[in-house]
Amino acid sequence: MKVWLKALSLLVSLGLPAQAFDDLQLEGELTQGSLIRGQLAGVSRVLFNNTELMLTDDGRFVFGVGRDAPAEHQLVLQRDGKTHQRTLVFKPRQYAIQHVNGVAQKYVTPPAEVTERIKRDNQKVRQVRATLSRLPYIFAQPLMPAQGRISGVYGSQRVFNGEPRNPHYGLDVAAPVGASVIAPLSGTVLLAEDLYYSGLTLIIDHGFGVSSTFMHLSRFTVQTGDKVQQGDKIAEVGATGRVTGPHLDWRINWQQERLDPALLPGLVLDDLTP
């Protein structure tokens with residue numbers, strides 16, 4: 001859904017008329033967890049909350065906000081020596097919280113002998129998510145990477161024995177072991193490894209700080225460094241890592257910001273079979 005932010009109430013002008021930047025286009029839902037794609041012809045500089053954004057030659061850029069992001073964010077635009085600042089208001093969301101009591105502690109806290117491995121895994125993932133390439137693929141319309149019932153949603157959280165766990169940051173698709181996983185967008189494989197929590201894990205760079213992560217796989221069909229095209233088979237669904245059954249956990253990051261894959265502009269969820 002395209003969001004055209006022309007309302008004067010959303011514009012904090014720096015001494016210039018509102019219409020000076022009224023050709024700004026923003027695509028995506030202004031809500032927590034959303035990725036937003038923008039475009040402004042002739043723009044020379046864009047900052048989102050003081051972070052400078054990469055620009056294509058035709059003035060496209062991308063940014064996102066996380067699960068618990070505050071409502072107001074600032075977008076600064078520069079063109080032809082003029083500057084505007086717009087306040088973007090993101091809607092809050094309600095997330096499913098599940099309380100589970102009587103869970104054995106070994107399922108709540110990992111054993112001490114794997115603590116160092118988990119730290120190494122997290123550092124490795126964080127490092128590849130910091131990739132900032134000029135690949136243009138994030139501006140294409142994405143595909144669902146697997147077919148099946150949506151069994152888990154972004155933002156949900158479990159509380160075990162009164163202790164809150166980390167929220168779920170992905171979109172889960174229930175499918176049998178061996179089912180195909182395809183590239184939702186073209187890109188370059190940044191990581192293909194077996195990690196403690198997420199099992200066989202694949203990360204693909206789509207450009208401009210945006211990457212996809214695919215977890216709990218049973219097999220890779222690509223390797224680190226491979227170039228993949230949208231729709232290519234990249235892996236097979238599995239049940240590796242800390243899971244209770246086979247499924248694909250698909251995640252989207254804008255640098256270190258965890259976003260909701262279901263809110264990607266242009267994604268069609270109706271292709272899924274319940």
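The values are calculated or read from the model by the stated rules, or taken from the named source; none is laboratory data. As the structure is a computational prediction, the values presented were derived from the model and not from experiment. Here the Cβ positions follow ideal geometry from the backbone for every residue, glycine too, while neighbour counts run over all protein chains shown.
Observations on the structure shown:
- All positions within segment 144-173 that are aliphatic (A, V, I, L, M) and modelled with pLDDT under 95: 150, 153, 159
- Test: residue 217 is surrounded by 22 or more Cβ atoms within 10 Å (Cβ to Cβ) and either modelled with pLDDT of 95 or more or assigned to a loop (DSSP other than H, G, I, E, B) (or both): yes
- The set of residues from segment 166-179 being touching a residue at least 12 places away in the same chain (Cβ under 8 Å) and exposed (fewer than 15 other Cβ atoms within 10 Å of the Cβ) comprises 176, 178.
- Scanning segment 72-92 turns up no residue that is on the phi < 0 side of the Ramachandran plot, of a type in the set (Gly, Ala, Ser) and out of contact with any Phe, Trp or Tyr (no Cβ under 8 Å at 6 or more places or on another chain).
- Qualifying residue in segment 245-263 (condition: part of a loop (DSSP other than H, G, I, E, B) and either under 16 Å from residue 124 (Cβ atoms) or free of Cβ contacts under 8 Å to residues at least 12 places away in the same chain (or both)): yes
- Of all residues making up segment 190-233, the number that are touching a Phe, Trp or Tyr at 6+ places or on another chain (Cβ under 6 Å) and not hydrophobic (A, V, I, L, M, F, W, C): 3
- Among all positions in segment 50-58, there is no residue which is touching a residue at least 40 places away in the same chain (Cβ under 8 Å) and part of a strand (DSSP E or B).
- Near pairs, Cβ below 8 angstrom, 6+ apart or cross-chain, from segment 66-82 (under 17 Å from residue 35 (Cβ atoms)) to any residue that is basic (Lys, Arg) and assigned to a strand (DSSP E or B): 66/258; 67/258; 75/86
- Candidates 241, 209, 231, 225: the one that is within 23 Å of residue 119 (Cβ to Cβ) and either touching a strand residue (DSSP E or B) at 6+ places or on another chain (Cβ under 7 Å) or at pLDDT below 95 (or both) is 241.
Conditions (1) surrounded by 15 or more Cβ atoms within 10 Å (Cβ to Cβ); (2) out of contact with any helix residue (DSSP H, G or I) (no Cβ under 6 Å at 6 or more places or on another chain); (3) of a type in the set (Ser, Thr, Tyr), marked per residue:
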| site | (1), (2), (3) |
| --- | --- |
| 188 | yes, yes, yes |
| 195 | yes, no, no |
| 213 | yes, yes, yes |
| 225 | no, yes, no |
| 241 | yes, yes, no |
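- The set of residues from segment 135-157 being closer than 18 Å to residue 33 by Cβ and in contact with a Lys or Arg (Cβ under 8 Å, 6 or more places away or on another chain) comprises 138, 154, 155, 157.
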